[in-house]
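Inspection log for the structure reproduced underneath, given as structure tokens.
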Amino acid sequence: MERRKVGILGATGMVGQRFIQLLSNHPWFEIAWLAASDRSAGKTYAEACRWKLDTPLPPRIAAMTLQPNIPEAAAGVLPKIIFAALDADIARELEPKFAAAGCAVISNSSAFRMVSDVPLVVPEVNADHLAMIETQSWRRDSGGYIVTNPNCSAIGLVLALKPLEERFGIESLFVSTMQAVSGAGYPGVASLDILGNVVPFIKNEEEKLQEEVGKLLGRLDRGKVELLDAKVSAHCNRVAVEDGHTECVSIKFRKKAHREQILEAWNEFLPLQGSHLPTAPDQPVEYDPSVDRPQPRLDRMRGSGMAATVGRLRECNLLDWKFVVLSHNTIRGAAGAALLNAEVLARTGKLDKLGVPASTVSAKAVAVTA
């Protein structure tokens, strides 16, 4: 299988670096184009980027020249698959331009997550929502589209919630997060603000978490998502941890659930089994029975950083049950999430015929049929 050429928008940031790390030896995709801000365009990647990950910067990537972050300025052929790691304000301006240029924009940004015709997807949870791309105007006009992955805290949370919602229904949910500093990017939170401290505020984080859970666990009906009918309340805190978001969850079900049934739901939750996707974890939700797990330092790399680890399941005096869930915020919660979305898009043929307006494809199909 010939590898597909891909590009990365926002390539020098922390999520952009994760994209490079995860894509460097990917069997399906090959990095062919990198873009960054105006101040970095024209420089080599090594000149513009302060590499912060624990694996070496690949020499081929280090030597690549960064391109301007607009499709019409691309030197050579613009790849039709674009991974986007942009701040929301910049994404709101740039991502539609790439979709209009016929690209599949696979975005980590919050800019379009709650737009009605843009899929917000965690493949194990709601891969069927990818059908929404066919209703996007970019898809009709150029063959391009935008697909998003959720907030870094929402991803680990909904992985744990999906099998419970399927079996018992969710009436209400309370979650308190302890979020790693890498979630703020680089240079991120000032050391004097976070060392020996907890910051009980992350701008817009609680609102995003509460909204996105409803869309992720909602039901697709005639091209639109009916949001989950459940009350969700979130507290979001920044803590002095490098990587790994920890969430304490209390939940009230619509049906009575016993401990063994909850554990069985998590253990049997294998929606991508048999799909043979390179980035998908074998067990997306792993339960650890230890009294003091999960912990970021010990558990964030389960499933190569793509699994959610759950622990401390016990009865709740206010609601029904409570537990702790942990996930890696820049792998599962960001670049890895977008990469898994791309793998599902490739597997289902939605990365084919990019740059070809859907109206043209439909017209040809009609002609052939006639």
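One table, with the values for the structure above:
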read-out	value
Selection from 240, 10, 76, by position along the positive dipole direction of the chain (Cβ)	76
Angle in degrees between helix 152-168 and the longest Cα principal axis of the chain, rounded to the nearest 10	60 degrees
Relative contact order computed over the chain (Cα-Cα under 8 Å; 6+ residues apart), in percent	18 percent
For region 30-36, 3J(HN,Hα) per residue [Karplus equation, 6.51 cos²θ - 1.76 cosθ + 1.60, θ = phi - 60°, Hz, x = Gly/Pro]	9, 5, 10, 7, 10, 9, 8
Centre separation in Å (Cα based) which lies between region 193-220 and region 114-161	18 Å
Cβ-Cβ FRET estimate between residue 97 and residue 190, R0 fixed at 35 Å, reported to 0.05	0.55
Gyration tensor (alpha-carbon) shape descriptor, region 2-82, a/c threshold 1.5	oblate
Helical contribution to [θ] at 222 nm, DSSP H n ≥ 4, -39,500 (n - 2.57), averaged over the chain, rounded to 500	-8500 deg cm²/dmol
Net length gained if the chain between residue 172 and residue 229 were fully extended (0.36 nm per residue, minus Cα distance)	19.6 nm
Among 30, 264, 212: highest mean-square fluctuation, GNM of the chain, C-alpha pairs under 10 Å	264
Highest-MSF residue in the chain out of 60, 347, 300 [GNM, Cα springs under 10 Å]	60
Sequence of 140, 297, 238, 219 from largest to smallest accessible area, 1.4 Å probe	297, 219, 140, 238
Among the listed pairs 215/350; 162/231; 5/80; 80/350; 255/322, those beyond 19 Å (Cα-Cα)	215/350
Mean-position separation - Cα centroids, region 2-69 and region 89-111, in angstrom	17 Å
The chain: angle of helix 205-216 to the longest principal axis, Cα-based, in degrees nearest 10	80 degrees
For the chain, average projected area of the Cα convex hull in nm²	19.3 nm²
Most fluctuating residue given options 55, 12, 65, as computed from a GNM of the chain linking Cα atoms under 10 Å	55
Where a label projected 7 Å from the Cα of residue 131 along Cα→Cβ would reach, residues of region 333-349 with amide N under 19 Å	344-349
For residue 338, net neighbour charge (Lys/Arg +1, Asp/Glu -1) across residues whose Cβ lies under 13 Å away	+1
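The values are calculated or read from the model by the stated rules, or taken from the named source; none is laboratory data. Remember, it's a predicted structure, so these values are computed and weren't measured experimentally. Please note: Cβ atoms are built from the backbone with ideal geometry, for glycine as well, and neighbour counts cover all protein chains shown. SASA here: full protein model, heavy atoms, side chains in, ligands and nucleic acids out. Shrake-Rupley method; radii C 1.70, N 1.55, O 1.52, S 1.80 Å.
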